[in-house]
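Step one of this worksheet: look at the structure below.
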There are 2 protein chains.
Amino acid sequence: MSRWANAVPDRETQLENKRKAIIREAAKVFNRRGSHGTTLDDVAERLGVTKAALYRYVRNKNDLLYACHEEAMEIARECMDRGEAEGRTGREKIEIGMKGYLREMIGAMGVPVLILEENTLTGERARRIIGLRDAFEARMRRLVEEGIADGSIAQVNPKLAIFMLLGAVHWVTKWYSPKGVWTADDVSDALIEMVMRGLSAEPSPELTARIHHTTVPFKRPK
Amino acid sequence: MSRWANAVPDRETQLENKRKAIIREAAKVFNRRGSHGTTLDDVAERLGVTKAALYRYVRNKNDLLYACHEEAMEIARECMDRGEAEGRTGREKIEIGMKGYLREMIGAMGVPVLILEENTLTGERARRIIGLRDAFEARMRRLVEEGIADGSIAQVNPKLAIFMLLGAVHWVTKWYSPKGVWTADDVSDALIEMVMRGLSAEPSPELTARIHHTTVPFKRPK
DNA sequence: CGAAAAAGTTACTCAAGAGTCACAAAAACC
DNA sequence: GGTTTTTGTGACTCTTGAGTAACTTTTTCG
């Protein structure tokens, strides 16, 4: 019964794909300009459709914002799962997890972030997103504590360490453009290496990530 | 001719003071919610007046935003001046400068930041602010290079190092509240120490700032 | 005190952008 | 092909928030 060997996705899937596309495109603009600074006309234009078309896939702007947050948190969770699975020490777990997260955020697919703008959401939804975020931060904090205990991380204040780490990481969406000469991988490796060096129990004297050794003229986008 | 031994400021000064108050209060909210996410009614309410009153001190919202940016850049410049004057190596200059900057940002007076939102400004003003910001970043980069040359900073990519540093620092406005148990000084010292450890040529194994040694239950505001 | 200036308020107008709806184009199915 | 369903559009309504103008209250100063 399946024609084209299932190469052509069915209605349901296409619908879901389009919804995903909207979410990702919206997230990109939200990150740069903030959700209030972005009109749905903007988002629609970037997708080559009109605003009204969006409403077939999304209940309203708030719903879209919520979806962005949810996907961001989902991705963060997956990345940290991998980090915990593959890393041996607390430090390694964070390193691997955060590298993956950053790569996802700024990589080819351009994935949501904006842990920033919960203030915009209201009611039940806000509570849910904030809950997810708090859980995420708590998890990160526990990994820092684990790292301190196993000797891979220095005697830092876990809460502050996480704030500084997430600051450095989320900030990337403000300046990074895939059109520049730095690839998402380059940036992720180099940035996380530098940040983690600040937390490491015995930081290596050398930095090994590519970007630190190439003098490429990075241009701020736009 | 001067009554009250000049203890009561004259008209001019009072006007200027009120304008400053508006700018600072506005900057605080802008930083949290973004300028688009903030209404002038919000700002006015926090100052205990009505929106219309603001217009006696500020031409319009854009003018206010511009003023915030300008003051932020001014403060950044002053702090870096001090850093350059007092620091001996590249690393020390950045450390002193950034500690001061962060303290100003979140300290008692609650000073503007939002290097983030230039996209909102337009025309000549945008160009001016972006020019100031670029100059500031270039200056920071030069200090990193100086540090690499004098052996106080590791072989990092200066551009990336600055991005990570400014990310960690600016992020603070998203989570810090003066109502918590951490003082502005505590946070500034501890955060900058951690960040600079990531760049330092030979990072000390111990972290000395207060917060790293006290287990205070920090509460996220609001 | 009383006049004049300054500071602030209430009640508006006006634009931008969220969301809707009746219709048009395209795709799917027979 | 023709019919039905899905996807998208153009032209709207309605809300929110920037900015204004006519006024009231407060301060200043003779």
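The values are calculated or read from the model by the stated rules, or taken from the named source; none is laboratory data. In this text, all values refer to a predicted model and were calculated from it rather than measured experimentally. Cβ placement follows ideal geometry from the backbone for every residue including glycine, while neighbour counts extend to all protein chains displayed.
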Practice item. Mind listing whichever residues of segment B:183-197 are facing chain A (nearest Cβ under 7 Å) and among the charged types (D, E, K, R)? Key: B:197
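Of all residues in segment B:45-72 being among the basic types (Lys, Arg) and out of contact with any helix residue (DSSP H, G or I) (no Cβ under 8 Å at 6 or more places or on another chain), which is farthest from DNA strand C (Cβ to nearest atom)?
B:59
Report yes if residue B:214 is within 13 Å of residue A:155 (Cβ to Cβ) and more than 9 Å from chain A (Cβ to nearest Cβ), otherwise no.
Working: within 13 Å of residue A:155 (Cβ to Cβ): yes; more than 9 Å from chain A (Cβ to nearest Cβ): no.
Taking the combined requirement at face value, the residue does not satisfy it.
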Exercise for review: Look at segment B:34-49 and say how many of its residues are near DNA strand D (Cβ under 8 Å from one of its atoms) and polar (S, T, N, Q).
Suggested key: 2
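On the given criteria, is residue B:62 under 18 Å from residue B:122 (Cβ atoms) and modelled with pLDDT of 90 or more? Let's see the steps before the verdict.
Details: under 18 Å from residue B:122 (Cβ atoms): yes; modelled with pLDDT of 90 or more: yes.
Taking the combined requirement at face value, the residue satisfies it.
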Point to revise | Qualifying residues in segment B:166-193 (those that are among the small types (Gly, Ala, Ser) and in a helix (DSSP H, G or I)) - the one nearest to residue A:160 (Cα to Cα) | key: B:190
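Output the number of residues of segment B:50-88 satisfying the condition of being away from chain A (no Cβ under 14 Å), within 13 Å of DNA strand D (Cβ to nearest atom) and in a helix (DSSP H, G or I).
Of the residues in that region, 8 qualify.
Would you tally the residues in segment A:41-77 being of a type outside the set (Phe, Trp, Tyr) and in contact (Cβ under 8 Å) with a residue 60 or more places away in the chain? Working first, answer last.
In the first step, residues of segment A:41-77 are kept if they are of a type outside the set (Phe, Trp, Tyr); the result is A:41-54, A:56, A:58-65, A:67-77.
Now restrict to residues that are in contact (Cβ under 8 Å) with a residue 60 or more places away in the chain: A:62, A:69-70, A:73, A:76.
Of the residues in that region, 5 qualify.
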Check your understanding: Can you name every residue in segment A:134-155 that is buried (at least 16 other Cβ atoms within 10 Å of the Cβ) and touching a Gly at 6+ places or on another chain (Cβ under 8 Å)?
Key -> A:143, A:144, A:146, A:147, A:148, A:152, A:153
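Considering each residue of segment B:124-157, count those that are among the polar types (S, T, N, Q) and more than 20 Å from residue B:84 (Cβ to Cβ), and give that number.
Initial filter on segment B:124-157 (among the polar types (S, T, N, Q)): B:152, B:155, B:157.
Pick out the ones that are also more than 20 Å from residue B:84 (Cβ to Cβ) and you get B:155, B:157.
Within segment B:124-157, residues that are among the polar types (S, T, N, Q) and more than 20 Å from residue B:84 (Cβ to Cβ) number 2.
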Review point. When you go through (1) under 23 Å from residue B:191 (Cα atoms); (2) within 14 Å of chain A (Cβ to nearest Cβ) one by one for residue B:39, which number turns out not to apply?
Key: (1)
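Name the residue, out of A:34, A:87, that is without any contact (Cβ under 8 Å) to a residue 12 or more places away in the chain and either within 11 Å of DNA strand C (Cβ to nearest atom) or within 20 Å of the chain's Cα centre (by Cα) (or both).
Working: A:34 fails: without any contact (Cβ under 8 Å) to a residue 12 or more places away in the chain.
The match here is A:87.
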Review point. Residues of segment B:151-165 being of a type in the set (A, V, I, L, M), facing chain A (nearest Cβ under 7 Å) and part of a helix (DSSP H, G or I), which ones?
Key: B:160, B:161, B:164
